[in-house]
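> One structure coming up, written as structure tokens, with questions to follow.
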């Protein structure tokens, strides 16, 4: 049985990826340092599986290399990262340390490990590294132009990985994905925050005029793409992963409200509330994903209306998920600096 390491596996995308890998009969080692966004609720379905093991460990720790040597994985999916733009505006320090310094340390461990062992590194990044894409869609050749400390830290990590591929010939691949949504996402992000407010009869905060546009992909489509990159991707390449479907925040909110009204009784306080925009808020992200579609044969399968229904139903059935988090992490407004 092939062994896979997923870093940041207590988080949103990581836990969904682990669930899919176990279903595909991989043995998965979850390495997570357990930060505010880590949640053991996310792994409760498989935490007792014979094909799953968890280590509390930072990717920058010396212990990480020891785990590599002991388990000899065939692949590492690096999802360990600080990811919330608003938090990066308030306090960039954690983003620099986690997304740049710790990635450098991971690369050193991986470089040494692959001198004797065969293994791939899939480094998961974001479409935010490209910055505002006002017209068209950004392909893998587009220049990086990050706007927030978060996006800049991810851009730096991508450059680090790329430099290690070229200089040290490490077997690594970088993926850049659009906005994910789905079960198990921390409610500091737009869709789970809106769902929380709908379920708790609270107003729905929308930045600015709600016109900021994002490309939305259901998390399980992203995870299928990552596995496809592991199995068929070319070492040293970058792959964009997106749905090719853009919606602005107001459209997301409106569609979510339409779905929720069919599934639950919506309270009188649930209405759109426009709030002060965050600094440096990019207007539009949009990826060109033709490369992964043509080269690797991956296509997204979940339509937004289907995915948002599945997402709402999961949170409605898992209200205790919210109870597993600090309330201030759910309701407090960040990123107004």
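> Compute the distance from the alpha-carbon center of the stretch 278-324 to that of the stretch 156-173, in whole Å.
Here the two parts' Cα centres lie 27 Å apart.
> So, one more: Top mean-square fluctuation among 283, 191, 31, Gaussian network model of the chain, C-alpha springs under 10 Å?
Of the options given, 283 has the highest mean-square fluctuation.
> For the chain, find the longest principal axis of its Cα atoms and tell me its angle to the long axis of helix 219-232, 0 to 90°, nearest 10.
Tilt of helix 219-232: around 20 degrees.
> Let me ask another. Based on DSSP, what percent of beta bridges with both residues in the chain are antiparallel, to the nearest 5?
10
> To the nearest 10 degrees, how steep is helix 12-23 against the longest Cα principal axis of the chain, on a 0 to 90 scale?
60
> Next question, about the same structure. Top mean-square fluctuation among 246, 30, 97, Gaussian network model of the chain, C-alpha springs under 10 Å?
Largest GNM mean-square fluctuation: 97.
> Grab the Cα-Cα distance for residue 234 and residue 276, subtract it from 0.36 nm times how many residues apart they are, and report the gain in nm with one decimal.
10.8 nm
> Between residue 303 and residue 209, what is 0.36 nm times their sequence separation minus the Cα-Cα distance? Round to one decimal in nm.
Length difference between fully extended and current span is 31.3 nm.
> Which entry in [x] 19.2, 63; [y] 20.0, 61; [z] 21.5, 68 matches Rg and Dmax of the Cα atoms in Å derived from the coordinates of this structure?
This structure yields the entry labelled [x].
> Can you put 295, 327 in order of Cβ neighbours within 10 angstrom, beginning with the fewest?
Fewest to most other Cβ atoms nearby, the residues stand as 327, 295.
> Using 7 Å Cα-to-Cβ label points, what is the residue 3/residue 104 separation (nm, one decimal)?
Result: 2.9 nm between the two label points.
> So if I take the alpha carbon set of the stretch 43-97, get Rg, then get Rh from the Kirkwood formula, what is the Rg over Rh ratio?
1.06
> Plugging the Kirkwood radius over Cα pairs into Stokes-Einstein for the stretch 1-128, at a temperature of 37 °C and a viscosity of 0.692 mPa s, what D comes out in µm²/s?
Reported coefficient: 221 µm²/s.
> Right, next: Ranked from highest to lowest mean number of other Cβ atoms within 10 Å per residue, what is the order of the peptides 209-216, 130-137?
Per-residue Cβ counts within 10 Å, averaged per peptide and sorted highest first, yield 209-216, 130-137.
> Kindly work out what percent of the DSSP beta bridges joining two residues of the stretch 184-306 are antiparallel, to the nearest 5.
For the stretch 184-306, the DSSP antiparallel bridge percentage is about 40.
> Also, I was wondering about something else. Under the √(5λ) rule applied to the eigenvalues of the Cα gyration tensor, what semi-axes describe the equivalent ellipsoid of the stretch 128-187? Give them in Å, descending.
Values for the stretch 128-187, descending: 23, 17, 12 Å.
> Go ahead and collect, in residue order, the members of the stretch 1-27 whose backbone nitrogen is under 13 Å from a label point 7 Å along the Cα-Cβ direction of residue 50.
What the label zone holds, given the 13 Å backbone N cut-off, is 1, 27.
> If you average over every viewing direction, what projected area does the convex hull of the Cα atoms of the stretch 59-181 give, in nm²?
With every direction weighted equally, the projected area is 8.2 nm².
> Same structure, new question: Taking 8 Å as the Cα distance limit and 6 or more residues as the minimum spacing, I'd like the relative contact order of the chain as a percentage.
Taking the mean separation of contacting Cα pairs over the length of the chain, I get 19 percent.
> Compute the helix-to-body angle for 62-71: its Cα long axis versus the longest principal axis of the chain, expressed 0 to 90° and rounded to tens.
The answer is roughly 70 degrees.
> Ignoring everything except DSSP H segments at least 4 long, calculate the 222 nm mean residue ellipticity for the chain; use -39,500 (n - 2.57) per segment, divide by total residues, nearest 500.
Calculated from helices alone, the mean residue ellipticity at 222 nm is -11500 deg cm²/dmol.
> Moving to a separate point now. Please build a GNM for the chain, connecting alpha carbons under 10 Å apart, and tell me which residue among 267, 14, 280 fluctuates the most.
280
> Then there is this: Please give, to one decimal in nm, the separation of the simple spin-label points placed at residue 323 and residue 167, each 7 Å out from Cα toward the Cβ.
5.1
All of the numbers you see were taken from the coordinates with simple rules; none came from a lab. Just so we're clear, the structure is a prediction, and the values are computed from it rather than from any experiment. No Cβ is skipped: glycine too gets one built from the backbone with ideal geometry, and neighbour counts run over all protein chains shown.
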